[in-house]
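Student: Could you have a look at this structure, given as structure tokens, before my questions?
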Amino acid sequence: MKISIDELQEYLANHYRGRTTEQSMFMKLVEEIGEVAEVLNKRAGRKASNENDLQQQLGIELADMIHYIVAIAAINDIDLSTLIIEKDKVASIKYNHTINLETFLLKKD
Ligand SMILES: [Mg+2]
């Protein structure tokens, strides 16, 4: 099963709206960023590890980060999906990309 950013945002808005604050969600996000850093340090040998699947652990922690990023957008009624496309368009011009995300998506259809 696949999920779109819009679907995740709708789900998290229903779950969190009125039950938490953006400050609380941001603090959880920072915790998750630290957990990603810990996995990357283990993979690079800078920290001891007895976990045998750091690749899977990295994915789990990245998913946790996305959860809180999208939750902050959701409780603030921010259209993250549209903004990602608009932001990429600006970046693609600034950095001379050969294709932008919107064109990529249109070509796929
Ligand atoms: Mg985590």
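Student: Going by the conditions given, is residue 33 farther than 23 Å from residue 4 by Cβ, in the same structural domain as residue 4 (by TED's automatic domain parsing) and touching a helix residue (DSSP H, G or I) at 6+ places or on another chain (Cβ under 7 Å)?
Tutor: Values: farther than 23 Å from residue 4 by Cβ: yes; in the same structural domain as residue 4 (by TED's automatic domain parsing): yes; touching a helix residue (DSSP H, G or I) at 6+ places or on another chain (Cβ under 7 Å): yes.
Yes; evaluated as a whole, the condition is true for this residue.
Student: Would you point out which residue out of 51, 35 is out of contact with any Ser or Thr (no Cβ under 7 Å at 6 or more places or on another chain), part of a helix (DSSP H, G or I) and either within 16 Å of the ligand (Cβ to nearest atom) or of a type in the set (Phe, Trp, Tyr) (or both)?
Tutor: 35
Student: Tally up the residues in region 1-21 that are assigned to a helix (DSSP H, G or I) and surrounded by 14 or more Cβ atoms within 10 Å (Cβ to Cβ), please.
Tutor: Restricting attention to region 1-21, the residues satisfying the condition of being assigned to a helix (DSSP H, G or I) are 5-16.
Filter once more, so that each one left must be surrounded by 14 or more Cβ atoms within 10 Å (Cβ to Cβ): 5, 8-9, 11-13, 16.
Qualifying residue count, region 1-21: 7.
Student: Which pairs turn up if I take residues in region 49-64 that are in the same structural domain as residue 30 (by TED's automatic domain parsing) and look for partners that are within 15 Å of the ligand (Cβ to nearest atom) and at pLDDT below 95 with beta carbon separation below 8 Å, at least 6 apart in sequence or on another chain?
Tutor: So the pair list comes out as 57/51.
Student: Now a separate question. Any chance you could count how many residues in region 72-108 are hydrophobic (A, V, I, L, M, F, W, C) and in contact with a Ser or Thr (Cβ under 8 Å, 6 or more places away or on another chain)? Outline the logic, then answer.
Tutor: Here is the first cut: in region 72-108, the residues hydrophobic (A, V, I, L, M, F, W, C) are 72-75, 78, 80, 83-85, 90-91, 93, 99, 101, 104-106.
After this cut, where a residue has to be in contact with a Ser or Thr (Cβ under 8 Å, 6 or more places away or on another chain) as well, the list is 75, 99, 101.
Number of matching residues: 3.
The values are calculated or read from the model by the stated rules, or taken from the named source; none is laboratory data. Predicted, not measured: the structure shown is a model, and the values here were computed from it. All Cβ positions, even for glycine, are placed from backbone atoms using ideal geometry, and neighbour counts span all protein chains on display.
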